[in-house]
Amino acid sequence: IRALVAEGQVDKAAELLGHRHYVDGTVARGGGRGHQIGFPTANLDTGNELLPGRGVYVTTARVGGRVWPSVTNIGRHPTFGEAETQLVETHLLDGGRDLYGEAVRLSFVKRLRDEQTFASAEALRAQIASDCERARVLLDMVSVYPSTQPG
């Protein structure tokens, strides 16, 4: 299961686990680039959690008692120069509220694609818009509210 998660095969790991793989974290301040290109993100400080491999994932984010459909990037910002550490950045598809300092449980539904370097912020913005649309379609086919997930 750990190998599947590390390879980004979170949907296969979920089949074996009986629930979606998840990580817990706290929302910390980031560089604000997501907001600048129209896709604000919650930057999660996850500690020692087992993270899936670099890439873009369809996820759900549980904040308080509510579950939000989301898209998450795990990586190092190659379009803007490599970050020193791996980042976990989640965009709530129907959100828009300030989450700084909030505890979040991020559940991984499916990997969409590898992390990529884009020629411009506009090209990245267009790809994120496409990722969000693909995530909405997928989440319409599965339960967004993970009733079998622990915790």
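The values are calculated or read from the model by the stated rules, or taken from the named source; none is laboratory data. Just so it is clear, the structure is predicted and the values come from calculations on it, not from any experiment. Note: ideal-geometry Cβ built from the backbone for every residue, glycine included; neighbour counts use all protein chains shown. For accessibility, only protein heavy atoms count, side chains too; no ligands or nucleic acids. Shrake-Rupley method; radii C 1.70, N 1.55, O 1.52, S 1.80 Å.
Key figures
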item	result
Out of Ser130, Ser120, Ser143, sole residue that is open to solvent by less than 80 Å² (accessible area, probe 1.4 Å) and modelled with pLDDT of 95 or more	Ser130
Region 111-141: number of residues that are β-branched (Val, Ile, Thr) and over 22 Å from Leu92 (Cβ atoms)	1
Single residue of region 9-50 satisfying the filter (of a type in the set (A, V, I, L, M) and surrounded by 20 or more Cβ atoms within 10 Å (Cβ to Cβ)) that is modelled with the lowest pLDDT	Ala42
Scope region 50-75; condition farther than 18 Å from Leu99 by Cβ, outside any strand (DSSP E or B) and either among the small types (Gly, Ala, Ser) or in contact with a Phe, Trp or Tyr (Cβ under 9 Å, 6 or more places away or on another chain) (or both); matching residues	Pro52, Gly53
First in region 1-21 and of a type in the set (Gly, Ala, Ser), second anywhere and part of a loop (DSSP other than H, G, I, E, B), Cβ under 6 Å, 6 or more apart	Ala6/Gly53; Gly8/Pro52; Gly8/Gly53; Ala13/Ile1; Ala13/His21; Ala14/Arg20
